[in-house]
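The values are calculated or read from the model by the stated rules, or taken from the named source; none is laboratory data. Values in this document were obtained by computation on a predicted structure and should not be read as measured data. We place every Cβ from the backbone using ideal geometry, glycine too, and count neighbours over all the protein chains shown. Quick note on the areas: whole protein, heavy atoms, side chains included, nothing else; ligands and nucleic acids left out. Shrake-Rupley method; radii C 1.70, N 1.55, O 1.52, S 1.80 Å.
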Amino acid sequence: MKRFVRLFVELDRTTRTTEKVAALERYFAAVPPADAAWATSVLMGRRVKRAAGTGQLREWVAEASGTPLWLVEESYDAVGDLAETLALLLPPPGPDAPPPPPLHRVMEDWILPLPELDDEATREVVETAWRHLDETERLVFHKLLTGGFRVGVGKKLVTRALAAHAGMDPAVLAHRLTGPWSPDPDTFRTLVDPDADLPDAGRPYPFLLAHPLQLDPLEPEGARELGPVSDWIVEWKWDGIRAQLIRRDEEVLLWSRGEEVVTPAFPEIEEAARLLPPGTVLDGELLAVGDDRPLPFAELQRRLGRKRVGPKILRDVPVKLLAWDLLEDGGRDARALPQAERRGALEALFRNLPERGIPLALSREVDAPDWEALARLREGARDRGVEGFMLKRRDAPYGAGRERGTWWKWKVDPLTLDAVLMYAQRGHGRRASLYTDYTFGVWDGDDLVPVGKAYSGLTDKEIRETDRWIRRHIVEKFGPVRSVEPGLVFELAFDSIRRSSRHRSGVALRFPRMARRRPDKAPAEADTLARVRALLPPAEGHGPAGPGDG
Amino acid sequence: MPSPPPTIRPTDLVVPDAGGLFVPAADLWIDPRRPVPRALVTHGHADHARSGSEHYLAAASGAEILRLRLGREISLQTLEFGEVLQVGDARISLHPAGHVLGSAQVRIEVGGDVTVVTGDYKRQPDPSAEPFELVPCRTLVSECTFGLPVYRWPDPSGVMEEVLRWWEENREAGRTSILCGYAFGKAQRLLASLTPLLGDDPPAPILVHGAVERLLPPYRQAGIHFPPTDKAGVEEARAHKGRALVIAPPSAAGTPWTRKFGPVSVGFASGWMRVRGMRRRRAGDRGFVLSDHVDWDGLMDTVEETGAERVLLTHGAATAAVRFLREERGLAAVELPREDR
Ligand SMILES: [Zn+2]
Ligand SMILES: [Zn+2]
């Protein structure tokens, strides 16, 4: 535990990628596989079963430190990180405190058994841990306990450091670390053994992610960067769930981008996948479709995460996997082939499948002679119920993770509205001491009605200025939320809007963010709810909606 | 729920008004925010000592710093710690606050009733300031800069050892260590705390920013020992970069001024460094938890040990501490109106 906490501190201290990777490498070189396995698992964001509720933890800390519960909350509000707040509140351990056990013992002896224990026994374990740990160790322990471990290193950095340490190709390691593996020393030794021959059945490839296109292909700079449209495979960007369908030996597995197996929720896809030759892996977008138009994303969510789906929901929310890439062909890893060749093989594969009546379809290529024609088509995207285009470079291989320049999302321009700042809340982590999370409203008669929350889009300077304004104009407190006088107008941009019975305004915005401040506008000049509702798609149409994986 | 919240009463010995804390019996203001006929200044920090008043009253050991900051020409009367001055109906005396050199608490006695105004204070050891003196009173007006229980200071000697380790790591990596703390108070505390650890023979030169250096003479006059230092000029930077420890005000961090030192590691010494979010917002490489203000435990101890029945809190976010004193300690506690700073 001591060594892992030192790693945590080192990672926390720097924002430089090279220093983070170096700290990780030092760590992997210093600890036995039993600890390295758990560290890898935790740092990659893999969750263990939630061991203790944060509510219980707050109460126990309150009692142990003689702090009333409301003061624990006030402190959390100022610190912005619960695990840290609780560690700061606890009385320091005595001088004869026993040393902390190694990380794998902390995980296996303390944290993993907790979900099976009752409150009293859980509390005993937690208090035992506190006796062994100093302040920073407690902070890390609380993070492990509540399952939220984020220290600014993602899968990619951990993989990079571990690959360097093990002398492996990062792509091979990334593939091995995708999907389930048990964080025990034997498994871990095999994972990082360059010569190990691992059975791959069921394991997905790391997803290649698309970046939002910031360039405008119609401007000279964008045109230069992107080249002619014929260099690109263009497809419609649908609003669904990114998924990988694996058909190997007798196995069929459907993976979501969150690297979870979702096969049980989509039995019709599992059945159709048996039509594919063994040794096939498809990459695509999982959609809910009704009469050849996409259903709102929320409908798809009704199916996701189910262990069993009944006949009613199968009928109400039919789904389809729109395949747009072929990662494994005839049992061979096809990722190194150029996009155009993979596309050709994918088309050939679909020629051998029935054209209708199965929930597998080929994502169509959009034909356009030039960027102008494509831009004109894109204007109609919203009416088609799509988000825009996917652009895939014809000559590029399928890379791992977020490589720039291979795949772009060219989304339709966002919708905007002018809204008034109504509520503010402090941010978390780096922004914990500033009011950075805002709720905005529009006018409904003389009242402001909240239409959306946003916390991105401002520069640091603008955030500080807004924070200062907020502090001087607080009207009321509700827990961590502050209501402010209606005084600031912001232009909000959002990707789409849909009806919502859960919101007082009757609408929900998708991906709202602050496009800019509008100091030139008085609050009374902000938009009205009627104008916002006018942006809604027609009632029968199924516009793209709901939170997706983008 | 407790009885209706106590308020500020006309019989109080100190009354907050637009100018600051007014003492009616003595017709003077403590740390006034605007020019007044008579100002009692607890210490030389800019949020306490402002120019423009006709007459000043301050602790003798802080007088030189006050003149440096407000000008030689001010009309200044000084008091030794513990010396009693009768002003109008009030007996006034000053007592060490432990905040910075010459920082004072104000004891006001009128007809047997005693009020103490702490000014800024701390209860931790500091070799550059007179140690805090506990002054019993019925009404305590206390600062509350760090009014939450998450603010609990570690032992300063452990913090100084961390500073030395950080300096050593930086020297090994060929980086200049830039340690930032307030130019008046914190910077001198850092230097004076290094003296017993380093003696007259630091492992590499210690350089001081001009704003810090300007305030060293009054400390030396008061008998405070510093390790040998040099000014942080261009020549010195060229000669000692990659090894030196530079003591600088926080405003110097991230400015072109630091460029002459080559690769640097920037540390901040402040109570705010107790919270990770603050450390990261400061954009420094390291945070050292070292504060010249009272922490939560120190505040609660002071309230208890003075025996105060009424507690007026000021100078920070006092809402939580006020509620805690009322509900958990059964004391009459009030938050003084917040000053605009
Ligand atoms: Zn001060
Ligand atoms: Zn102050």
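Quick one: pull the percent of accessible area on region A:235-334 belonging to carbon and sulfur, 1.4 Å probe, ligands and nucleic acids left out. Please list the in-between numbers first.
Details: 2070 of 4220 Å².
Accessible surface attributable to carbon and sulfur in region A:235-334 totals 49 percent.
Under 5 Å between amide H atoms, partner at least 5 residues away or on a different chain: which partners does A:LYS411 have, H built in plane at 1.01 Å?
A:LEU213, A:PHE389
Considering only protein heavy atoms, what per residue accessible area in square angstrom results for region A:208-411 with a 1.4 angstrom probe? Could you put the intermediate results ahead of the total?
Working: 9580 Å² over 204 residues.
That works out to 47 Å² for each residue.
Taking amide hydrogens as modeled 1.01 Å from N in the peptide plane, which residues meet the under 5 Å criterion relative to B:LEU207, leaving out close sequence neighbours?
Counting only residues 5 or more places away or on other chains, the set is B:ASP230, B:LEU245, B:VAL246, B:ILE247.
Can you tell me the 0 to 90 degree angle between the C-alpha axis of helix B:186-198 and the longest principal axis of chain B, rounded to 10?
With both axes taken from Cα atoms, the answer is about 60 degrees.
Output the pairs from A:LYS156/A:LYS453; A:LYS237/A:LYS320; A:LYS409/A:LYS453; A:LYS237/A:LYS409; B:LYS122/B:LYS186 with a Cα-Cα distance over 18 Å in this structure; if there are none, say none. Before the final figure, lay out the partial values.
Details: A:LYS156/A:LYS453 30 Å; A:LYS237/A:LYS320 14 Å; A:LYS409/A:LYS453 24 Å; A:LYS237/A:LYS409 7 Å; B:LYS122/B:LYS186 12 Å.
Checking Cα-Cα distances, A:LYS156/A:LYS453; A:LYS409/A:LYS453 exceed 18 Å.
I'd like the Karplus ³J(HN,Hα) series for region B:292-307: coefficients 6.51, -1.76, 1.60, θ = phi - 60°, whole numbers in Hz, and an x wherever there's a Gly or Pro.
Calculated HN-Hα couplings, in order: 9, 10, 6, 8, 4, 5, x, 5, 5, 4, 4, 4, 5, 6, 6, x Hz.
Could you work out the pair-distance distribution P(r) of region A:272-406 from its alpha-carbon pairs, with 10 angstrom bin width and percents rounded to whole numbers?
P(r) for region A:272-406, in whole percents per bin: 10, 34, 37, 18, 1.
Estimate the FRET efficiency between B:ALA239 and A:THR15 by the formula 1/(1 + (r/R0)^6), using the beta-carbon distance for r and 35 Å for R0, to the nearest 0.05.
Numbers: r = 31 Å, r/R0 = 0.88.
Calculated value: 0.70.
Of the options A:ALA534, A:ILE474, A:TRP324, report the single residue whose Cα projects farthest towards the positive end of the charge dipole of chain A (beta-carbon charges: Lys, Arg +1; Asp, Glu -1).
Sorting the options by dipole projection puts first A:ALA534.
Over region A:2-146, what portion of Cα pair distances is larger than 20 Å, expressed as a whole percent? Intermediate results must be reported in sequence, preceding the final value.
Working: 5201 of 10440 pairs.
Tail fraction, whole percent: 50.
If you average the C-alpha positions of region B:207-265 and of region A:1-30 separately, how far apart do those two centres end up, in angstrom?
What the calculation gives is 31 Å, centre to centre.
A plus B alone minus the pair: what accessible area, both sides summed, probe 1.4 Å, in Å² to 100?
Values: alone 26310 and 14850 Å², together 39020 Å².
Counting both chains, the buried surface is close to 2100 Å².
Between A:GLU260 and B:GLN86, what is the label-to-label distance in nm when each label sits 7 Å out along the Cα-to-Cβ direction?
Once both label points are built, they end up 8.1 nm from each other.
Each label point is 7 Å from the Cα along the Cα-to-Cβ direction; what then is the distance between the points at A:ARG394 and A:ARG332, in nm?
2.3
Please name which of B:LEU191, B:GLY181, B:VAL163 has its Cα lying farthest along the dipole of region B:156-288 towards the positive end, using unit charges on Cβ (Lys, Arg +1; Asp, Glu -1) and the Cα centre as origin.
Selected residue: B:GLY181.
Could you tell me the accessible area of A:ILE269 in Å² (1.4 Å probe, neighbours in place), rounded to the nearest ten?
0
In region B:242-289, which residues become less accessible by 40 Å² or more once every protein chain is in place, relative to the chain on its own, using a 1.4 Å probe?
The answer is B:ARG274, B:VAL275, B:ARG276, B:ARG280, B:ARG281, B:ASP285, B:ARG286 - residues whose exposure falls by at least 40 Å² when every protein chain is included.
May I ask you to give the solvent-accessible area per residue for region B:156-288, in square angstrom, as obtained with a 1.4 angstrom probe? Can you show the working numbers first?
Values: 5550 Å² over 133 residues.
Ligands and nucleic acids excluded, the figure is 42 Å² per residue.
May I ask you to list, by number, the DSSP H helices of chain A whose Cα span along the axis is at least 24 Å and whose average Kyte-Doolittle hydropathy reaches 1.0 or more?
Values: long enough: none.
TM-like helix candidates: nothing returned.
Can you give the FRET efficiency for B:ALA46 and B:LYS231, using 1/(1 + (r/R0)^6), R0 = 25 Å, r = Cβ-Cβ distance, to the nearest 0.05?
Details: r = 23 Å, r/R0 = 0.92.
In this case the efficiency is close to 0.60.
Starting from a Cα-only point model with no solvent, please compute log10 I(q)/I(0) by Debye for region B:34-173 at q = 0.18, 0.22 1/Å.
Treating every Cα as an identical point scatterer, log10 I(q)/I(0) equals -1.05, -1.36.
Taking the Cα atoms of chain B alone, what are Rg (to one decimal) and Dmax (as a whole number) in Å?
20.9, 66
About the Cα centre of region A:208-411, how large is the charge dipole given +1 on each Lys and Arg Cβ and -1 on each Asp and Glu Cβ? Please answer in debye to the nearest 20.
640
Roll a 1.4 Å probe over the protein heavy atoms and report the accessible area of A:THR15 in Å², nearest 10.
About 130 Å², rounded to the nearest 10.
Any chance you could list P(r) for region A:415-533, counting all Cα-Cα pairs in 5 angstrom bins from zero, rounded to whole %?
Distribution as computed: 2, 12, 23, 26, 20, 12, 4, 0 percent.
Quick one: if the Förster radius is 35 Å, what FRET efficiency do B:THR319 and A:ASP413 give, using the C-beta to C-beta distance and rounding to 0.05? Present the calculation step by step, with values, prior to reporting the outcome.
On the way: r = 45 Å, r/R0 = 1.29.
In this case the efficiency is close to 0.20.
Residues with amide H under 5 Å of A:ASP325's amide H, sequence separation 5 or more or different chain, H placed in the peptide plane at 1.01 Å from N; which?
Those lying under 5 Å, H to H, from A:ASP325 are A:ASP283.
To the nearest 20 Debye, how big is the dipole of the protein assembly as shown about its Cα centre, given +1 on the beta carbon of each Lys and Arg and -1 on that of each Asp and Glu?
Values: 121 positive and 130 negative charges, 320 e Å.
Dipole of the protein assembly as shown, to the nearest 20 debye: 1540 debye.
With no solvent and one equal point scatterer placed on each C-alpha of region A:213-255, evaluate the Debye formula and give log10 I(q)/I(0) for q = 0.15, 0.17, 0.22, 0.28 Å⁻¹, two decimals.
So the normalised log intensities are -0.62, -0.68, -0.81, -0.99.
Where in region A:87-124 does accessible area fall by at least 10 Å² between the isolated chain and the complete protein assembly, at a 1.4 Å probe radius?
By number: A:LEU88, A:LEU89, A:PRO92.
Using Cα springs under 10 Å in a Gaussian network model of chain B, which residue among B:PRO37, B:PRO249, B:PRO16 shows the largest mean-square fluctuation?
B:PRO37
Principal axis lengths of the protein assembly as shown from Cα atoms, whole Å, largest first?
104, 67, 62
Between A:TRP38, A:LEU144, A:ALA62, whose Cα lies farthest towards the positive end of the dipole of region A:2-146 when Lys and Arg beta carbons carry +1 and Asp and Glu beta carbons carry -1, centred on the Cα centre?
Going by the Cα projections, it comes out as A:TRP38.
If you average 1/r across every pair of different Cα atoms in region B:166-209 and take the reciprocal, what Kirkwood value do you get, in Å? Mind dumping the intermediate values first?
Values: mean 1/r = 0.0873 Å⁻¹.
Kirkwood hydrodynamic radius for region B:166-209: 11.5 Å.
Report, in degrees rounded to the nearest 10, the 0 to 90 angle that the Cα long axis of helix B:156-172 makes with the longest principal axis of chain B.
20
Identify which of B:HIS240, B:HIS99, B:HIS45 has the largest mean-square fluctuation in a Gaussian network model of chain B, with springs joining Cα atoms closer than 10 Å.
Its mean-square fluctuation being the largest, the pick is B:HIS240.
Given the Cα atoms of region B:156-288, and with Rh set as the inverse mean 1/r over their pairs in the Kirkwood sense, what is Rg to Rh to two decimals? Before the final figure, lay out each step's value.
Working: Rg = 13.6 Å, Rh = 14.7 Å.
For region B:156-288, the value is 0.93.
How high is the relative contact order of chain B, in percent, with contacts defined as C-alpha pairs under 8 Å that are six or more residues apart? Each step should come with its number before you reach the end.
Values: 754 pairs, mean separation 58.5, N = 341.
Answer for chain B is 17 percent.
Can you list which of the GluC sites (Glu not before Pro) found in region A:353-399 are DSSP loop residues with at most 11 other C-beta atoms within 10 Å?
Working: sites: A:GLU355, A:GLU365, A:GLU372, A:GLU379, A:GLU387; in loops: A:GLU355, A:GLU387.
Here the sparse-neighbourhood loop sites are A:GLU355.
If I take every Cα pair under 8 Å that is 6 or more residues apart in chain A, average their sequence separation and divide by the length, what percent do I get for the relative contact order? Provide the component values of the computation, followed by the final result.
On the way: 968 pairs, mean separation 70.6, N = 550.
It comes to 13 percent, rounded to a whole number.
I want to check the label-to-label distance for B:GLU327 and A:ALA524. Put each point 7 Å from Cα in the C-beta direction and report it in nm to one decimal.
4.2
How many angstrom separate the Cα center of region B:273-332 from the Cα center of region B:46-120?
Distance between centres, Cα-based: 23 Å.
Determine the dipole magnitude for region A:415-533: charges of +1 sit on the beta-carbon of Lys and Arg, -1 on that of Asp and Glu, nothing else is charged, the reference point is the Cα centre, and the result goes in debye to the nearest 20.
Working: 23 positive and 16 negative charges, 103 e Å.
Using Cβ point charges on Lys, Arg, Asp and Glu, region A:415-533 gives about 500 debye.
Taking only C-alpha pairs under 8 Å that are 6+ residues apart, what is the relative contact order of region A:2-146 in percent? Display every interim value, and only then the final one.
Values: 114 pairs, mean separation 46.6, N = 145.
RCO, region A:2-146: 32 percent.
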